[in-house]
Amino acid sequence: MTMSTRTVARAALVASIALCAPAMADDAPAKAVPGIPLMKKVDGDAAKAPAAPDTIDPKAKAIHDKGVESVRKLRALELVSELKVDGMDMSMVPPELLDKTRVVLDFKTDGSSPMPFGRFTMESMKDGKVATRFAFDGKAALLVDEAKKSYRVGGQEWFMLLGQRAANLPQWFLENRMDLAEMGGEAPKMVGATLVGEETLDGTPCDVVRCVRTMKLDMMEDEDGKPAAPREMRMTETIAFARADGLPRRVVSKTEVPGEDMMAGMSTTMNYTGVKADPSADDKTFATAAPAGYAKAEAPAPEPMDDQPQMKVKSGDAAPDFKLTDTAGKEVALASLKGKVVLLDFWATWCGPCKAAMPSIQKISEDYKGKDVVVLGVNTWERKDGAGKKYMDDKGFTYGCLLKGDDLAKDYGISGIPTLVVIGKDGKIALIEVGFGPTGDKGLRTAIDAALGK
């Protein structure tokens with residue numbers, strides 16, 4: 001399996017939400033690859049410590065676990081994050097990602113999004129002044145460019161507006177508030193924990209712990225877009241936990257993936273200063289009203305991905321015909337479904353993001369039962385015969401599932417899964433979505449309702 005340098009760099013610079021969703025480009029999703037942190041040699045006393053063996057020191061693990069517990073208890077968080085990147089071509093790192101960024105997060109959520117936070121705001125700083133401000137109030141998003149006196153607006157798809165600036169979100173905090181297993185992903189397994197020293201950061205005494213976690217990568221693709229053999233990703237994080245509150249003040253990340261030599265020597269360091277647990281924040285903190293006197297700016301055209309093949313079809317085209325067998329052995333043809341709205345979900349059992357989407361697909365099937373809507377999974381690029389049916393049965397999913405969908409995936413020009421397609425009653429494509437993002441099934445439901453004439 002190979003990935004272009006640009007893909008790896010982008011995947012590496014996004015927040016941990018990318019673990020169960022496609023990596024985010026500036027304004028459009030890329031292929032479904034996991035967010036991969038970069039590598040760095042630890043500075044200071046921690047750098048002198050020998051490499052940690054794969055053993056777990058109870059004292060080190062206790063410090064780590066206290067940090068996780070402290071993060072999960074937070075109702076809100078304020079801090080200044082600063083990202084440092086080494087060992088890669090810096091022309092590939094947007095310079096604004098290296099600015100100090102003030103972040104305020106409200107961890108109250110309504111349960112409608114897999115994200116572990118609700119409202120938030122981010123202010124990037126240059127020369128001690130605010131350069132850009134981003135805010136999301138739970139419904140609307142706003143991005144302000146102070147130098148240009150301009151703004152852009154967005155809705156609940158805030159990640160489309162925020163883009164790669166998401167790298168400045170406090171990744172370690174967010175990851176440890178997410179239940180990856182519940183979302184259909186694999187939670188990394190801790191295999192090593194070592195106490196490597198102590199430091200004072202931002203005026204706060206800290207214990208420095210090196211943790212090693214591993215995770216099987218079973219959603220990678222080769223150059224032809226086919227599943228590659230699973231490999232184990234090894235993630236080493238050296239974390240400075242403040243003794244006062246248990247929260248991190250610095251996280252140094254390095255990652256090793258067999259066969260990815262281009263990642264050797266790459267690194268990220270996230271420094272956190274001015275950390276405040278449960279700060280008071282009112283509605284003004286997350287305000288999304290356009291500032292008076294500022295001009296509304298148009299969204300820039302998305303940068304083309306050099307490794308992202310184009311789909312062969314688009315919205316408005318006639319949907320490619322098919323005759324496939326379902327898990328009950330019955331042949332299903334698209335022609336037989338004319339007059340109904342059809343949702344196709346291209347998926348595989350080895351694909352974590354696919355599995356994360358399936359409970360929502362099941363809910364759509366239940367909610368639209370008896371409403372001229374047919375929901376069909378299309379098991380694609382599967383590795384073992386019978387794996388798709390077994391997974392559907394084991395999980396209790398009751399919507400239809402078509403088997404051996406590889407040729408149909410070629411007809412669509414699909415290069416990454418999950419890919420979701422809504423076909424109207426007239427047999428034309430109403431919507432194509434690549435990946436299952438933070439807004440979940442809202443786009444699918446909107447397209448289905450429109451196709452039903454609601």
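The values are calculated or read from the model by the stated rules, or taken from the named source; none is laboratory data. Not measured: the values here are computed from a predicted model. Heads up, the Cβs are rebuilt from the backbone with ideal geometry, glycines too, and the neighbour counts pull from every protein chain shown.
If you check Lys355, Lys330, which single one turns out to be under 19 Å from the mean Cα position of the chain (by Cα), closer than 18 Å to Asp393 by Cβ and of a type in the set (D, E, K, R)?
Numbers: Lys330 fails: under 19 Å from the mean Cα position of the chain (by Cα).
Exactly one residue qualifies, and that residue is Lys355.
In this structure, does Asp317 turn out to be modelled with pLDDT of 90 or more, under 21 Å from the mean Cα position of the chain (by Cα) and either farther than 30 Å from Asp145 by Cα or among the small types (Gly, Ala, Ser) (or both)?
On the way: modelled with pLDDT of 90 or more: yes; under 21 Å from the mean Cα position of the chain (by Cα): no; either farther than 30 Å from Asp145 by Cα or among the small types (Gly, Ala, Ser) (or both): yes.
No: the conditions fail for Asp317.
Restricting the search to strands (runs of 3 or more DSSP E) fully inside region 99-160 and requiring at least 1 residues that are within 19 Å of Arg177 (Cβ to Cβ) gives 100-106, 120-126, 129-136.
Any residue at all in region 85-92 that is crowded, with 19+ Cβ neighbours inside 10 Å, at pLDDT 75 or above and outside any helix (DSSP H, G or I)? Yes, there is a match, as at least one residue in region 85-92 is crowded, with 19+ Cβ neighbours inside 10 Å, at pLDDT 75 or above and outside any helix (DSSP H, G or I). Taking the criterion of being modelled with pLDDT of 95 or more, surrounded by 19 or more Cβ atoms within 10 Å (Cβ to Cβ) and aliphatic (A, V, I, L, M), the residues of region 230-251 that qualify are Ile239, Ala240, Ala242, Leu247, Val251. Among residues of region 192-211 that are farther than 23 Å from Thr255 by Cα, those with a beta-carbon under 8 Å from a residue that is of a type in the set (Lys, Arg) and not in a strand (DSSP E or B) at least six positions away or on a different chain give the pairs Thr204/Arg243; Pro205/Arg243; Cys206/Arg243.
Every residue, every condition in (1) surrounded by 13 or more Cβ atoms within 10 Å (Cβ to Cβ); (2) assigned by TED's automatic domain parsing to the domain that holds Gly138; (3) modelled with pLDDT of 90 or more; (4) not charged (D, E, K, R), yes or no:
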site: Lys276; (1), (2), (3), (4): yes, yes, yes, no
site: Phe286; (1), (2), (3), (4): yes, yes, yes, yes
site: Ala290; (1), (2), (3), (4): yes, yes, yes, yes
site: Glu331; (1), (2), (3), (4): no, no, yes, no
site: Lys340; (1), (2), (3), (4): yes, no, yes, no
site: Leu343; (1), (2), (3), (4): yes, no, yes, yes
site: Pro353; (1), (2), (3), (4): yes, no, no, yes
site: Met358; (1), (2), (3), (4): yes, no, yes, yes
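The one condition from (1) among the aromatic types (Phe, Trp, Tyr); (2) closer than 19 Å to Glu82 by Cα; (3) at pLDDT below 90 that Phe120 does not meet is (3). Looking only at residues in region 422-454 that are within 18 Å of Lys338 (Cα to Cα) and basic (Lys, Arg), the one that is surrounded by the fewest Cβ atoms within 10 Å (Cβ to Cβ) is Lys428. Scanning region 146-162 for residues that are in contact with a Phe, Trp or Tyr (Cβ under 9 Å, 6 or more places away or on another chain), closer than 9 Å to Ala297 by Cβ and surrounded by 16 or more Cβ atoms within 10 Å (Cβ to Cβ) yields a total of 2. Residue count for region 392-421, restricted to those that are more than 23 Å from the chain's Cα centre (by Cα), crowded, with 19+ Cβ neighbours inside 10 Å, of a type outside the set (Gly, Ala, Ser) and within 21 Å of Ala318 (Cα to Cα): 3. Give the number of residues within region 360-383 that are among the charged types (D, E, K, R), surrounded by fewer than 20 Cβ atoms within 10 Å (Cβ to Cβ) and in contact with a helix residue (DSSP H, G or I) (Cβ under 9 Å, 6 or more places away or on another chain). Total satisfying the criteria: 3.
Taking the options Lys363, Lys395, name whichever one is of a type in the set (Lys, Arg) and in contact (Cβ under 8 Å) with a residue 60 or more places away in the chain.
Step by step, each of Lys363, Lys395 is checked, and only Lys363 is of a type in the set (Lys, Arg) and in contact (Cβ under 8 Å) with a residue 60 or more places away in the chain.
Against the definition (crowded, with 18+ Cβ neighbours inside 10 Å, on the phi > 0 side of the Ramachandran plot, out of contact with any Phe, Trp or Tyr (no Cβ under 9 Å at 6 or more places or on another chain) and at pLDDT below 95), how does Gly138 come out, yes or no? Please lay out each step first, then the result.
Values: crowded, with 18+ Cβ neighbours inside 10 Å: yes; on the phi > 0 side of the Ramachandran plot: yes; out of contact with any Phe, Trp or Tyr (no Cβ under 9 Å at 6 or more places or on another chain): no; at pLDDT below 95: yes.
Taking the combined requirement at face value, the residue does not satisfy it.
Residues in region 440-454 that are touching a residue at least 60 places away in the same chain (Cβ under 8 Å) and among the basic types (Lys, Arg): Lys442, Arg445.
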